[in-house]
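Here, each number is a calculation from the coordinates, and none is a lab measurement. Given the structure is predicted, the values throughout are model-derived calculations rather than measurements. Methodologically, a virtual Cβ is constructed for each residue, glycine included, from the backbone with ideal geometry; neighbour enumeration extends over all protein chains shown.
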Amino acid sequence: MQNKELFVPNVIGLKTHITKIVFLILLLGILTPAFSQNGETLMSKTRLQLLHAADMEGGIEALENAPRFSSVLNALKAEVENTVIIGAGDSYIPGPFFAAGNHQSLREVLGREGSGRADILMLNAMGFMAAALGNHEFDAGTGTLASLIAVDRDYVGTAFPFLSANLDFSFDSNLASLVVEPGQEASTIPNSITKSVVITIPSGEKVGVVGMTTPRLGSLSLPGNVRIAPEDPNNMAALAAIVQESVDGLTAAGINKIILTGHLQQISLDEEIAAHIKDVDIIIAGGSNTLLADETDRLHVGDMADRPYPILTQSASGEPIAIVGTDGNYRYVGRLVVDFDTAGVLIPESIDTAVSGAFVTDEQGVVDTGNAEPSARVVEIIEAVRNVVVAKDGNIFGQTSVYLNGNRGSVRTEETNIGNLIAEANLAAGKRVDPSVLVSLKNGGGIRASIGVTAYGELLPPPANALVGKAMGQISQIDIENTLRFNNGLTLLTLNAAELLEVIEHAVGASGEDAIPGRFPQIAGMAFSFDTSLPAGSRVQSLVIVDTAGNPMDTIAQDGEIVGDEDRTFRMVTITFLVDGGDSYPYANFPNTNRVDLTEVMTEEQSGGQATFAAPGTEQDAFAEYLAANFSEVPFTIADVDTENDERIQNLAFRTDSLVAPVVSEDTYDISLSAGLNMISLPLMPNEPDTAHSFMEKTGATIIIGLDTTAQRFIGWTANSIGNGFAIEGGMGYIINVPTPKTINFSGSAWQNTTATAAAPMQPSIPMTWAFVLRAQLEGISGMKLTVYNGHTRVAEAVESNNFHAAWADMNRQAVVSVGDTLTIEVRDTTGALIRTFQHEISATDVHRAFTELRLTPANLTPKRTVLLANYPNPFNPETWLPYQLANDTEVTIRIYSSTGQLVRNLDLGFQPAGYYIGKSRAAYWDGRNDLSERLASGVYLYQLSTSEPLTTRKMVIKK
């Protein structure tokens, strides 16, 4: 036996490789003999080994964990003949590992490609005999679940039955045909769903297994037309009564050893079920990721046992029940070796902590259990998936110098750095479509993994991957997909103050000691404090809207009460899943939310255009675009902090409330704004000077236009512009655009007596605007000049280098742009040479916002393909220019031929970077002479572009 002290840094107790003597006892002790008075032996005890797991949820971790899990499982299985292997739900989860199964390269390995099939075939190879249905089995819909269970040509489907006693599949057309009668031998009903099964172990004894699924399934996933019982998801007595019917069916058939495998997501609910049920000996608790471990169990670095292994309690009839469970993601194999008496009653005293417990599946865990070979089939599947997944690891979007904490126990209970980052990304995506969006809320349960690794007890940023050139700290496509596996859509809503407070109350309504609810929020644009000692619905003490620096701008609630007008509104971005009732969020109860689903309206250009692996308007795309825009050159550096130091989400069990109302000046003034364009000036001298940025935050405007009195030209700023912009001066008039009517309160020193509330002049309600801003964001480009033309109104504006706002306004309120107008944007270099021309058609959204945006990067100015363009002038005499565009850096030659095919001139242009060679200063020049400098006669000539790509040829004419 190995010395525990060798592993002191990583140990709460060490389960080592069990000695041969213990192995022998286990192998020979399947049936323990007792003796009658005449000396004859009676078989009095049955020893059973249960190997179990839940929440496998194959993610990127599975690439390393699953083969080691298989090794440990094989080692333990070989030690006890009477072994059953049972799963407790969430056998897979949509994400990069799940999706890799649909790659065509996996057809030979899987028999037929399909999302999730790699997960199922690994469970087959590991020898699972039955598994409960969890919530994530339904995440991709019942059609996908059915396709994973059933045979499909060379794909063999599940070699085991899925179990659930409290789900009715008869109304779901995808699953109804897969349901079979309960109580059958598990090995005889693969590719099926049922309530219960029987497993006959080698000793001839029969073990019954019943399944149960969380009654909250409808709010957690997509169960289609599957009906869920009980109707009240909180009624564990009712759930126990449903399960009891299946248990009774097994006992009536003579089965006296019964395992209940469930997926209730909170281990306290499994304990509650135990108290209401009888004739169940073991409950496998799935869904909570609660790590049960005893004092001899060595754990993963950084892990701590939540409860002892097993939890011993009593049934409704007073008989012992053992509740077992481990953490998920193939990180542990749960093992219970236990004796039953002749009546099938579990004997708690037979459980040896040196034998039973949680077996860690790291490299040392494989050694400790004897270095058993993993299933060759598991290894084959893993390597096939790895090839697909690793390719995505080279697609880099940002970088971090710190560990991004997405651990389940953190994102569901407190503010974390990755939660803030994702909420900020969603807020930025929302603002790209509607700059009036102020706040962002995401459910912590939708964050499925951290971005980073744990090594020797230290939390580190994501590791390097030399295979694809990924440096340490870089964040890749696969990191993003693994963290945001559901890739929910984003939705914009308008809520009033009372509704927003109700949403936050719901978000923390299930929080408390030992609770890890998926509804717990991660937020941006606001901050709040809460007290879990108060009843649900009255826990939020303070709720404020904050600016980008975290300073309060508006107090919605203080001391648990609404502050100000509860009907004032706020535009927010949240998760479509939540808007549709996921996690029981109350959005459906609110009228007049003006719902906009970003997946329906957001274009690739609006999203940022850097990430194309996920659709615009989805979480993954928003996160990738935000990282690319903000952390591609400079890493994210904000380390996660403990609960005591959280600022956005302040848990008053750990800290005091620091959220206070903003100071209001003695003098205040209200201005009513109409939806659309408004003329406005500062009614009071502000306590702090305003800039375009701060003034727009205060008013919720999408643009602001002022007059540069020195240059006598309009200047503009948009909600998406970077920096503070120009100063807002007293006595000056400004044009602003607001999406919805509102009243703005100004504070400061009074300049003159005015009425209590003034109305700003408004824009007429027609599809045009008399003030407009074009914002051009140039990234990685310098020395460019933009000229913008509106062909309809013949309004032109030049945007000088390093000044990227073009503003138009007509003080007579005539249209400067209308819906359907085309803006033509010319990009020229410092010599004035034309680089590229863009066109943008004005949309109703542009008019509504009174601005549009053009994002220019080196990629925008790099052609998608290499093309030889028409020469100009043509016909010509004596000279012409030969424009072209290059998709790649390459050596360039243009050859000119006579109509008979004779080479007359060779223009060797040398090595040229990718780009547009269009204007006279950049296009190739030909003076109409041959290589001997002789002028050529009139006629048709051919010119050919020679690069690393296929040749292209055009005609031109010399006409004298």
Cα-centre dipole for the stretch 362-502 with unit charges at Cβ (Lys and Arg positive, Asp and Glu negative), debye to 20: 420 debye
On each of the three principal axes of the Cα atoms of the stretch 46-181, give max minus min coordinate, whole Å, ordered largest first. 42, 37, 25
As a test, work out the antiparallel percent of DSSP beta bridges whose residues both lie in the stretch 52-383, rounded to the nearest 5. 40 percent
In debye to the nearest 20, how big a dipole does the stretch 853-956 give about its Cα centre with +1 on each Lys and Arg Cβ and -1 on each Asp and Glu Cβ? 280 debye
Computed magnitude of the charge dipole of the chain (debye, nearest 20; Cβ of K, R +1, Cβ of D, E -1): 3980 debye
Grab the beta carbon distance between residue 643 and residue 301, set R0 = 25 Å, and tell me the FRET efficiency rounded to 0.05. 0.70
Report the one residue of 50, 62, 911 whose Cα lies farthest in the direction of the positive end of the charge dipole of the chain (charges on C-beta: Lys and Arg +1, Asp and Glu -1; origin at the Cα centre). 911
Using r as the Cβ-Cβ distance of residue 314 and residue 604, and R0 as 51 Å, what FRET efficiency do you calculate, to the nearest 0.05? 0.25
Given labels modelled 7 Å from the Cα in the Cβ direction, how far is it in nm from residue 944 to residue 595? 6.1 nm
If you keep only loop residues by DSSP, which chymotrypsin sites (Phe, Trp or Tyr not before Pro) in the stretch 101-202 have at most 14 other Cβ atoms within 10 Å of their Cβ? 171
Under the 0.36 nm per residue contour assumption, what length would be gained going from the current alpha-carbon distance of residue 843 and residue 78 to full extension? 268.6 nm
When a/c reaches 1.5 or more, the comparison of a/b and b/c decides; with that in mind, is the stretch 355-415 rounded, prolate or oblate per its Cα gyration tensor? oblate
Please list, or write none, the lysines whose alpha carbon is within less than 22 Å of the alpha carbon of residue 278, excluding same-chain residues fewer than 8 places away. 45, 195, 206, 257
Filter the GluC sites (Glu not before Pro) in the stretch 590-660 to those in DSSP coil with at most 16 other Cβ atoms within 10 Å of their Cβ, and list the result. 633, 647
What residues qualify as long-range amide H neighbours of residue 676, i.e. H under 5 Å apart, gap of 5 or more or another chain, H built at 1.01 Å from N? 738, 740
May I ask you to derive the FRET efficiency for residue 152 and residue 460 from their Cβ-Cβ distance with R0 = 35 Å, giving the value to the nearest 0.05? 0.25
In this structure, among 920/955; 431/785; 77/470, pairs with alpha-carbon gaps over 29 Å are 77/470
Working out 0.36 nm times the residue gap between residue 377 and residue 960, then minus their Cα-Cα distance, what length gain in nm do you get to one decimal? 202.1 nm
Among 224, 707, 943, the residue whose Cα sits farthest towards the positive end of the charge dipole of the chain (+1 at Cβ of Lys and Arg, -1 at Cβ of Asp and Glu, taken about the Cα centre) is 943
Taking a straight Cα-to-Cα line shorter than 14 Å from residue 864, and setting aside same-chain aspartates and glutamates fewer than 8 residues away, one finds 889, 949
Of all DSSP beta bridges having both residues in the chain, the percent classed as antiparallel (nearest 5) is 75 percent
Quick check: pseudo-label points 7 Å beyond the Cα along Cα→Cβ at residue 681 and residue 824, how many nm apart are they? 3.9 nm
Under the rule of at least 5 residues apart or a separate chain, name every residue whose amide H is placed under 5 Å from the amide H of residue 526. 440, 546
Calculated from DSSP helices alone, with each H run of at least 4 adding -39500 (n - 2.57) and the total divided by the residues of the chain, [θ]222 nm to the nearest 500 comes to -5500 deg cm²/dmol
